[in-house]
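Below is one structure, written out as structure tokens, with a few remarks after it.
The values are calculated or read from the model by the stated rules, or taken from the named source; none is laboratory data. Only a predicted model underlies this, so the values are computations on that prediction, with no experimental measurement involved. Note: ideal-geometry Cβ built from the backbone for every residue, glycine included; neighbour counts use all protein chains shown.
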Amino acid sequence: MSTGQITPVVDHLAAPIDLPNGQRLANRFMKSALSESLGDRDGSPSDRLERLYARWADGGYGLVVTGNVMVDRRHRGEPGNVAVEDDRHLDQLRHWARGFQDSGTPLWMQINHPGRQANALITRNRPVAPSAITAKVPGAVKPRALEDAEIRDIIERYATTAAIAEAAGFSGVQVHGAHGYLVTQFLSPLSNQRDDAWGGDSERRRRFALEVVSAIKAATGPDFAVGIKLNSADFQRGGFTEEESRDVVTALVDRGIDMIEISGGSYEAPAMMGAMRASTAAREAYFLEYAASVRHLAGVVPIAVTGGFRSTAAMEEAVASGDCDIVGLGRPTCIVPDAPRSILENGRTSLPSAQVRAGLRAVLGKVTNLRTMDSAIDLSWHTDQLHRMGAGKEPDLDRSWLETAIMLGLRNGPGAFREKRG
């Protein structure tokens with residue numbers, strides 16, 4: 001007997017896609033990077049991290065991307081970041097990747113240097129950045145400007161981390177070039193006020209990102225994919241613009257990039273907070289309009305868009321229209337780890353959206369920025385769900401904001417309630 005429910009059309013979402021290096025994704029769903037904070041104290045991947053990824057390995061994704069993996073253990077963004085700067089944890093990394101080799105889903109390692117967004121409380125080191133300019137976020141420490149030799153060393157660190165990822169059995173890496181981290185700091189004239197080979201105009205500001213990609217390509221084999229998560233803009237007056245971002249896309253394609261994931265904003269100006277424009281709300285995705293504007297520049301390089309997608313119809317339309325090639329899912333995967341399978345095989349029409357806000361607003365509003373606190377609590381609530389799955393439990397949609405706030409403070413200490421991005 002018919003239930004009256006119409007099975008959603010998923011023809012484009014279900015279609016495979018080939019990357020420029022020949023790697024094939026079975027469908028158009030990508031589990032986007034989320035900062036799990038589940039590494040061991042020595043920077044190695046923990047059993048809990050492997051248990052969490054086992055849920056996604058069987059989730060029906062065309063591609064899964066890990067959260068922040070640091071290329072330098074001296075500079076980490078959060079407690080629990082995995083750090084890969086040599087092969088000391090190669091066996092653990094191989095064990096992490098092995099579950100995806102068995103499932104057939106490619107696993108990419110997102111690799112990152114936080115720059116001035118490093119957490120000095122956990123690293124006991126002063127952050128470094130293109131210029132000695134402090135980020136305008138609570139608890140930020142003024143960074144030290146990098147010397148030329150240090151910049152070149154960091155580029156080689158990205159390449160080393162990628163080569164170790166390849167040796168461990170990962171199918172690719174994604175360079176984190178968004179959300180105010182080091183690559184973004186080089187791109188933005190607000191954080192990069194150098195006047196040498198690494199800054200001074202837009203061409204020199206993008207050199208760091210391009211050299212990172214080239215170094216990774218040189219250090220890995222032709223079958224190993226190299227992608228990047230790139231800001232459409234940093235949404236700050238005088239900052240990195242969409243026009244500059246388009247120039248970066250063109251240059252990345254020339255360097256042989258295999259995928260570009262579009263995002264935007266930073267700790268200072270989070271793009272996915274506050275009211276959506278009407279056109280954005282209608283199509284759900286925050287950065288789809290920008291992605292459409294660079295689609296012709298990317299050529300055969302697939303464009304992924306993450307942020308805002310909740311309905312199957314909107315996801316299908318985004319791919320069918322050609323505005324993007326891949327749908328990235330972030331926070332929904334904390335609640336429905338098998339989201340693609342439930343859509344493609346079981347006819348799910350939408351994914352749940354949990355927006356967790358602080359209570360006691362009249363009181364807390366007098367002592368803190370509620371927008372900042374809401375952002376931190378919402379992200380941490382989703383991180384708590386990852387930790388539950390890492391412990392072998394199911395997500396808890398009834399978890400309160402207060403429980404989340406307490407755990408956030410215990411995890412990150414002072415500065416925990418600043419805005420963070422995955």
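Specify the residue that is surrounded by the most Cβ atoms within 10 Å (Cβ to Cβ); the eligible residues are those in segment 50-73 that are out of contact with any Phe, Trp or Tyr (no Cβ under 7 Å at 6 or more places or on another chain) and over 19 Å from Ala339 (Cα atoms). The qualifying residue surrounded by the most Cβ atoms within 10 Å (Cβ to Cβ) is Asn68. Quick one: would you say Ala149 is more than 19 Å from the chain's Cα centre (by Cα), among the hydrophobic types (A, V, I, L, M, F, W, C) and surrounded by fewer than 18 Cβ atoms within 10 Å (Cβ to Cβ)? Against the criterion (more than 19 Å from the chain's Cα centre (by Cα), among the hydrophobic types (A, V, I, L, M, F, W, C) and surrounded by fewer than 18 Cβ atoms within 10 Å (Cβ to Cβ)), Ala149 qualifies.
Just the residues that are touching a Lys or Arg at 6+ places or on another chain (Cβ under 7 Å) and part of a loop (DSSP other than H, G, I, E, B), please, taken from segment 68-89.
Passing the criteria: Val71, Asp72, Pro79, Glu85.
Can you name the residue in segment 154-203 that is in a loop (DSSP other than H, G, I, E, B) and among the polar types (S, T, N, Q) and is also farthest from the chain's Cα centre (by Cα) among such residues? Of everything passing the filter in segment 154-203, Gln193 is farthest from the chain's Cα centre (by Cα).
Residues in segment 381-422 that are at pLDDT below 90 and within 15 Å of Arg331 (Cα to Cα): Lys420, Arg421, Gly422. Checking segment 18-32 against the condition returns no match, with no residue being at pLDDT below 95 and either assigned by TED's automatic domain parsing to the domain that holds Ala318 or of a type in the set (Val, Ile, Thr) (or both). The number of residues in segment 284-308 being of a type in the set (S, T, N, Q) and buried (at least 22 other Cβ atoms within 10 Å of the Cβ) comes to 1.
None of Leu107, Leu90 is more than 18 Å from the chain's Cα centre (by Cα) and aliphatic (A, V, I, L, M) except Leu90.
Quick check on segment 115-129: of everything there that is among the small types (Gly, Ala, Ser) and either farther than 18 Å from Ala197 by Cβ or modelled with pLDDT under 95 (or both), which residue is surrounded by the most Cβ atoms within 10 Å (Cβ to Cβ)? Here the residue is Ala118. Which condition breaks for Gln92 when tested against (1) in a loop (DSSP other than H, G, I, E, B); (2) without any contact (Cβ under 8 Å) to a residue 60 or more places away in the chain? Gln92 satisfies every listed condition except (1). Just one of (1) surrounded by fewer than 16 Cβ atoms within 10 Å (Cβ to Cβ); (2) under 22 Å from the mean Cα position of the chain (by Cα) fails for Thr349. It is (2). May I ask you to verify whether Ala132 is at pLDDT below 95, outside any helix (DSSP H, G or I) and under 29 Å from Ser202 (Cβ atoms)? So Ala132 fails the test.
Just to be sure before I move on: is Ile343 surrounded by fewer than 21 Cβ atoms within 10 Å (Cβ to Cβ), more than 30 Å from Leu297 (Cα to Cα), among the hydrophobic types (A, V, I, L, M, F, W, C) and assigned by TED's automatic domain parsing to the domain that holds Asp58 in the structure I sent?
no
If I ask for residues that are surrounded by fewer than 16 Cβ atoms within 10 Å (Cβ to Cβ) and in a helix (DSSP H, G or I), which ones from segment 215-232 would you list? Answer for segment 215-232, where residues must be surrounded by fewer than 16 Cβ atoms within 10 Å (Cβ to Cβ) and in a helix (DSSP H, G or I): just Ala218. Of everything in segment 305-360, what is closer than 30 Å to Leu408 by Cα, touching a residue at least 24 places away in the same chain (Cβ under 8 Å) and not in a loop (DSSP other than H, G, I, E, B)? Give them in sequence order. Matches in segment 305-360: Val305, Thr306, Ser311, Val327, Gly328, Leu329, Thr333, Cys334, Ile335, Ala339, Pro340, Ser350. The single residue among Asp72, Asp87, Asp11 that is at pLDDT 95 or above and closer than 30 Å to Ser311 by Cβ turns out to be Asp11.
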